[in-house]
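Report on the following structure.
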Amino acid sequence: MKSINLSFIGASLRPDAARVIAESYLTTKDWEATKQLVLANNSLQVKSRACSIRIERELRVRLQTLTHHQIELLANGSMDTRVAIAWLSVTKHTPFLFQLASDVLRHKMEVHDPLFRPSDYENYITALTEIHPTLSSISPLTKNKVRSMVNTILREVGILNNNLKAPEIQRPSLPVNVFESIVLDNKKWLAGFLFSNAEIQELKAA
């Protein structure tokens, strides 16, 4: 992980808003023009311009990591497809979340320990801080925002169930069209959907 990117606290998964931005991009074929179009028309339908700017910026930089085909899936796909692509864009843009899913959550599933405990998250943060000491300098308010958004996003994609006291880890829905787009792009991103290394390796050998 080259740097700690915590910008994801600016927006949760928001698959419908991401779809709007994807549609605009397919129309303009230009990310700056997409930004101007979305903001000028209040396409995200939020109450304040400041909120619109924040959400548009965060979703747009996530979407910029996607392949053209993945953007088309986001713009035209079912709700399950939009959710999966929105999560893919988050994991591609935010190593913090990809490593949490691929390292911590996958391991817990592999050892048949499906509960995501507060201590699991704290251990992850502690280990990460050893590599990136600047993480220890963020304010308590920001730390709380990060933790809250992590849980929100993991529930939105379906990796955590809705049991707030003892959330369980599960593999999220991955429509065939999204699965195929990931295989064509880079199979490593399947780890964010909690595919095991063995499963991914089998695909590489296929």
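When all alpha carbon pairs of the stretch 11-93 are counted in 5 Å bins from zero, the resulting P(r) reads 3, 18, 31, 27, 17, 5, 0 %.
Considering only alpha-carbon pairs that sit under 8 angstrom and 6 or more positions apart, the relative contact order computed for the stretch 11-93 is 39 percent. Net charge of the neighbourhood of T152, taken over other residues with C-beta under 14 Å away and scored Lys/Arg +1, Asp/Glu -1, is +2.
Given in Å, the Rg to one decimal and the Dmax to the nearest whole number for the Cα atoms of the stretch 127-183 are 15.5, 42. Taking a ≥ b ≥ c as the square roots of the eigenvalues of the Cα gyration tensor, the stretch 82-206 is classed as prolate, since a/c reaches at least 1.5 and a/b is larger than b/c.
Our summary gives the chain a relative contact order of 24 percent, counting only alpha carbon pairs under 8 angstrom and 6 or more residues apart.
Summary of the geometry: the stretch 130-206 and the stretch 37-69, compared by the centres of their Cα atoms, lie 22 Å apart.
In this simple spin-label model, placing a label point 7 Å from the Cα along the Cα-to-Cβ direction at both D185 and R54 gives a separation of 2.6 nm.
Computed over Cα pairs, the Kirkwood radius of the stretch 1-158 leads via Stokes-Einstein (0.692 mPa s, 37 °C) to a diffusion coefficient of 198 µm² per second.
Throughout, read-outs are computed from the coordinates displayed, never taken from laboratory work. Predicted, not measured: the structure shown is a model, and the values here were computed from it. As a convention, Cβ positions derive from the backbone with ideal geometry for all residues, glycine included, and neighbour counts pool all protein chains shown.
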